[in-house]
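Report on the structure given below.
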Amino acid sequence: MTEHKVYSADHHFFHHSMLEWFPESRPFSTLSQMHEFMIEQHNARVSNGTDVYFLGDFAYGQKVDEREVRKVFEKLKGRKHLITGNHDNRIALGLRWSSPPRSELTVKDGDRRIYLNHYAVRSWPGFYNGTYHFYGHTHGKLPSHGRSIDVGVDSWNMAPVTASEAIARMKLWNADFDTYTPERKSVITCAEENVPEDEQYIPEMRNAPGYGGSTP
């Protein structure tokens, strides 16, 4: 692999419920099997000189043995950096990361700029200057738009991905790769304007069954 930076998210080491919630991407009988496979997938793509950006939720559980988390962490190759997620507690934050954990970061990867966040952002820093956006959190269940994509392991066979691979998927999957613009040209001033431009506003929508409202 010629690229020296890779990206991933949402490993959820030690989180047993992941085996029940995501059987398609995690068809394992035990956590040990899941851990072993994810470590193998990681190390097959990473060398000790690779910068690896984990976009949150490295491990899960308040009662997890800190020593066991460290054992898993030390088995993973690369210079490891954490973009914090909602499940990254003191144990995850206290691991030997190669840089201080942070909630967001923009990195340069070759001639590309990439905004990293655990969460999907609709309008991210550098959006209008061609910056890409990688995120996690949604475990492959959130449709991607424009120049953004989920780099979580559930979407990538439990392995980290390069920027080139992630961007290639954007171009293939995101029909609005070249056209996605989350902001309007003018300020939204009423409910009729607060819908996608290709949809018609229906006042009854807010009271329709399925929208959380009540029928008058």
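Bear in mind that the values in this text are calculations on the coordinates, not laboratory data. Computed from a predicted model, the values in this text were never measured in an experiment. As a convention, Cβ positions derive from the backbone with ideal geometry for all residues, glycine included, and neighbour counts pool all protein chains shown.
In terms of modelled amide H atoms, which long-range or inter-chain residues lie less than 5 Å from the amide H of residue 113?
132
Could you tell me which of rounded, prolate or oblate describes segment 39-107, using a ≥ b ≥ c as the square roots of the eigenvalues of the alpha-carbon gyration tensor, with rounded for a/c under 1.5 and, failing that, prolate when a/b is larger than b/c and oblate otherwise? Intermediate values should be presented prior to the final figure.
Numbers: a/c = 1.93, a/b = 1.16, b/c = 1.67.
Verdict is oblate for segment 39-107.
Can you tell which of 162, 189, 138 shows the greatest fluctuation in a Gaussian network model of the chain with Cα springs below 10 Å?
189
Would you mind classifying segment 5-173 by shape? Square roots of the alpha carbon gyration tensor eigenvalues, ordered a ≥ b ≥ c; an a/c under 1.5 is rounded, otherwise it is prolate if a/b is larger than b/c and oblate if not.
Values: a/c = 1.66, a/b = 1.42, b/c = 1.17.
Verdict is prolate for segment 5-173.
Pop out the ³J(HN,Hα) list for segment 90-97 in order, Karplus 6.51 cos²θ - 1.76 cosθ + 1.60 with θ = phi - 60°, rounded to Hz; leave Gly and Pro as x.
4, 5, 5, 5, x, 6, 7, 6
Give me 156, 97 sorted ascending by neighbouring Cβ count inside 10 Å, so fewest comes first. Show your work: numbers first, answer last.
Details: 156 22, 97 17.
Ordered by Cβ neighbours within 10 Å, fewest first: 97, 156.
Report, to the nearest 10°, how far helix 31-45 tilts away from the longest principal axis of the Cα atoms in the chain, using its own Cα long axis and a range of 0 to 90°.
90 degrees
Anyone know which of 65, 198, 57 comes out most mobile in the 10 Å Cα GNM of the chain?
Of the options given, 198 has the highest mean-square fluctuation.
With angles folded into 0 to 90 degrees, how steeply does helix 66-75 sit against the dominant principal axis of the chain? Use alpha carbons for both and round to 10.
Roughly 90 degrees, rounded to the nearest 10.
Using the 10 angstrom Cβ neighbour count as an exposure proxy, how do 79, 147 rank, fewest first?
Arranged by neighbour count, lowest to highest, 79, 147 become 79, 147.
What residues qualify as long-range amide H neighbours of residue 87, i.e. H under 5 Å apart, gap of 5 or more or another chain, H built at 1.01 Å from N?
Long-range HN contacts for residue 87: 57.
When the chain is modelled as a GNM with alpha-carbon springs shorter than 10 Å, which of 92, 175, 159 fluctuates the most?
In this elastic network of the chain, the residue with the biggest mean-square fluctuation among 92, 175, 159 is 175.
Once each part is reduced to its C-alpha centroid, what is the distance from segment 39-78 to segment 94-112 in angstrom?
15 Å
Run lengths n ≥ 4 of DSSP H only: what is the helix-derived mean residue ellipticity at 222 nm for the chain, with -39500 (n - 2.57) per run over all residues, to the nearest 500?
Details: 5 runs with 44 residues, N = 216.
Using -39500 (n - 2.57) per qualifying helix, the result is -5500 deg cm²/dmol.
Taking H as built 1.01 Å from N, whose amide H comes closer than 5 Å to the amide H of residue 79, not counting residues under 5 places away?
50, 51, 52
For 158, 34, which order do you get if you count the other beta carbons within 10 Å of each Cβ and list the fewest first?
158, 34
With everything on Cα atoms, drop me the angle between helix 163-173 and the longest principal axis of the chain, reported from 0 to 90° to the nearest 10.
On a 0 to 90 degree scale, this one is about 40.
Rounded to the nearest 5, what % of the DSSP beta bridges within the chain are antiparallel ones? Mind dumping the intermediate values first?
Numbers: 7 of 23 bridges.
Percent antiparallel among DSSP bridges in the chain is about 30.
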